[in-house]
Structures are given as C-alpha cells and as structure tokens.
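This report refers to the structure that appears directly beneath it.
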Amino acid sequence: NTIVEQNTLSKRNFLRSATILNQLMTFLLPTLIVIWMAYASQFNKELRLQLPSNIVLVALGILFLFATFPVAQWLFSINKTLPLPASAIALEEKLSELSKALLVMESPWELVFNVLTIALVPAVCEELLFRGVLQQQLSKWMNQPILAIWIAAFIFSAIHGQFQGFLPRLLLGAALGYLLFWTQNLWIPIIAHFFNNAIQILVAYSRTDLLENSELIQDQSIPLLVVAVSSIFVVYLGFSIKKISRHKLGG
C-alpha cells in the first residue's frame, strides 16, 4: 500500500491535529466572536440551537442529505469538465493527496481520530458559521431566505478551495441550508453533516481498495435515471420535512 508507506502514523496524526486547529481558528473562532458581540445571552435562540425534540425530523434530515449523493456525483462529473487555471488544478491535486493521507487508517484509534477530525469538528464549526450565523444574518438583511441559503452555500463551497468539487459541495451546502430553513433547528444540519462525513470515513476504513482507486470511483458516471429518481426522492423528503416542521412549529 503506497499511501501507508509514504505516510507514517505520526505524520497522519500531525495532519489531523493541524486540520482540527485550522477548523477551530478559521470557522469556530470567528463565530464565537460574532456570538459574543452580537448575540450575547440570546445566542441559543438566535442560532436556533434548541435541542431537536422530534427524532423523526433528525432521521429524515440525515436521509435527505444522503439522498442527494447521486445528484452530487453527477454534478461532480460535470464539474470536472469545466476549465480551471493550472494553479487551481495544482492546488486541487495537493488537497486531494492530503485527503488521501488523512484517510489512511491502520487501527480503530485512527478511525476515531478521523471521525473527530473529518466529521464531528467540521460539522459543528462549519454549521455554526455558515448556517448558524451567515445564512441567518443574510436572510434577515435581505429578507430573502432562499437566496440566503444559496449565497451561504456558495461561500461554504468556495472557501474549501477544491474547485473540481465546487458544484457538489454547493449542493451539500444548500441542502444543509434548507434543513435549517425548514426545521428552524441548527442541530439537524449539524447532525446530518456529521453523519454524511462519518459514513464516508467508515467506508474508507472498511474498504481500503476504494481509497487506492478513488479516482476511478469518482470518474464513474451516474446514470441519468438514477439522478432523476434521486432528485424525486430528495424533493419528496424535502416536502415531508417541511410538512412535519410546519406542524411542529404550528405554521
């Protein structure tokens, strides 16, 4: 396994620690500053951080995000055909190699460390900033909640710096944004984001052959019929989440 040979345990753990630190400094710290300056003791209400009382909504939120996967893969194949400057491609390749190095896991402890690094910390930090603060403030300023969802999703995707995956990450950000908009509860996109990332880590841990052949998997085309069925299922789940949320909120 060339990936394992080129990356020692100490190097991988250093990379994981650096990734967590980057998340905390880039996403969580600015959010905490905004919370302290703008919300004070009202942050729980303003950020919609009340604990979800409906487990069905949580489960549907997770399923909703998973249902977007075929559409995201289709968008990825389109994204790869778009021309990019050489500097962007070089950055993309470097980030891809770092991601592969990070996903090498030789023990259950590395699996746990990766769940913390790639699933739990990003889910909390990124959702607090992009959906908790940015999307909701944009919605208030513009009085256009749907536009706010897509602007926040655009910034969410762009800030990751992986432009060959810009469109699928834009879809992911929008899906998380709609979950917040429909449920008025930030924990639901946080939990959905966590499960979306955690499942991918578990797959990488259990199937090391997929990691070695990730380019081949990414390049596989998704049949349009699958994309269409997935899209219909996403819409159906969206309507279900919206309906249950309205009933719960009394709307």
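The values are calculated or read from the model by the stated rules, or taken from the named source; none is laboratory data. Source: prediction; values computed, not measured. A quick note on method: Cβ atoms are made from the backbone with ideal geometry, for glycine too, and the neighbour counts reach across all protein chains shown. For accessibility, only protein heavy atoms count, side chains too; no ligands or nucleic acids. Shrake-Rupley method; radii C 1.70, N 1.55, O 1.52, S 1.80 Å.
Among THR31, SER41, SER231, whose Cα sits farthest toward the positive end of the charge dipole of the chain (+1 at Cβ of Lys/Arg, -1 at Cβ of Asp/Glu, about the Cα centre)?
The Cα lying farthest towards the positive end belongs to SER41.
I'd like to check one number: the per residue accessible area of segment 1-93, probe 1.4 Å, reported in Å² as a whole number.
62 Å²
Run the reach check for LYS140 against lysines, Cα to Cα strictly under 22 Å, same-chain hits fewer than 8 apart removed. What comes back?
Output for LYS140: LYS45, LYS242.
Carbon and sulfur together cover what percent of the accessible area of the chain at a 1.4 Å probe radius?
70 percent
Using Cα atoms only, what is the angle between the long axis of helix 86-102 and the major principal axis of the chain, expressed in degrees (0 to 90) to the nearest 10?
Approximately 90 degrees, to the nearest ten.
With every protein chain left in place, what is the accessible area per residue of segment 104-169 in square angstrom, probe 1.4 Å? Kindly include the intermediate steps, with their values, before the conclusion.
Numbers: 2820 Å² over 66 residues.
For segment 104-169, the solvent-accessible area averages 43 Å² per residue.
I'd like the orientation of helix 69-79 relative to the chain: the angle between its Cα long axis and the longest Cα principal axis, in ° from 0 to 90, rounded to 10.
Here the helix axis deviates by roughly 60 degrees.
Per residue of segment 138-144, in order, report the coupling 6.51 cos²θ - 1.76 cosθ + 1.60 (Karplus, θ = phi - 60°) as ³J(HN,Hα) in whole Hz, putting x for Gly and Pro.
Listing the rounded values in order: 4, 4, 5, 5, 9, 6, 9 Hz.
Relative to the longest principal Cα axis of the chain, at what angle does helix 224-249 sit, 0 to 90 degrees, rounded to 10?
Once rounded, the angle reads 40 degrees.
Place a +1 charge on the Cβ of each Lys and Arg in segment 102-251 and a -1 charge on the Cβ of each Asp and Glu, then give the dipole magnitude about the Cα centre in debye, rounded to the nearest 20.
It works out to roughly 980 debye.
Starting with the highest mean, order 154-165, 121-132 by the number of other Cβ atoms within 10 Å, averaged over the residues of each peptide.
Values: 154-165: 17.2, 121-132: 23.7.
Ranking the peptides 154-165, 121-132 by packing returns 121-132, 154-165.
Take TYR39, TYR178 and sort them by solvent-accessible surface of the protein heavy atoms, 1.4 Å probe, largest at the top.
Order by accessible area, largest first: TYR178, TYR39.
Would you kindly find the accessible area of THR183, with a 1.4 Å probe and non-protein molecules such as ligands, DNA and RNA excluded, rounding to the nearest 10 Å²?
It works out to around 10 Å².
For segment 106-119, what does the Karplus curve 6.51 cos²θ - 1.76 cosθ + 1.60, with θ = phi - 60°, yield as ³J(HN,Hα) per residue in whole Hz, taken in order and with x for Gly and Pro?
9, 7, x, 5, 5, 4, 4, 4, 5, 4, 5, 6, 9, 10
What does the highest-first list of 192-204, 223-235 look like by mean Cβ count within 10 Å?
Details: 192-204: 18.9, 223-235: 13.8.
Per-residue Cβ counts within 10 Å, averaged per peptide and sorted highest first, yield 192-204, 223-235.
When the helices in the chain are scored as -39500 (n - 2.57) per DSSP H run of 4 or longer and the sum is shared across all residues, what 222 nm value do you end up with, to the nearest 500 deg cm²/dmol?
About -22000 deg cm²/dmol.
Once Cα Rg over 2.2 N^0.38 Å is worked out from the coordinates, which option in [x] 1.18; [y] 1.03; [z] 0.94 does it equal?
Comparing each candidate, only [y] matches the computed number.
Relative contact order for the chain: what percent, with Cα pairs under 8 Å and sequence separation of 6 or more?
Worked out over the chain, it gives 33 percent.
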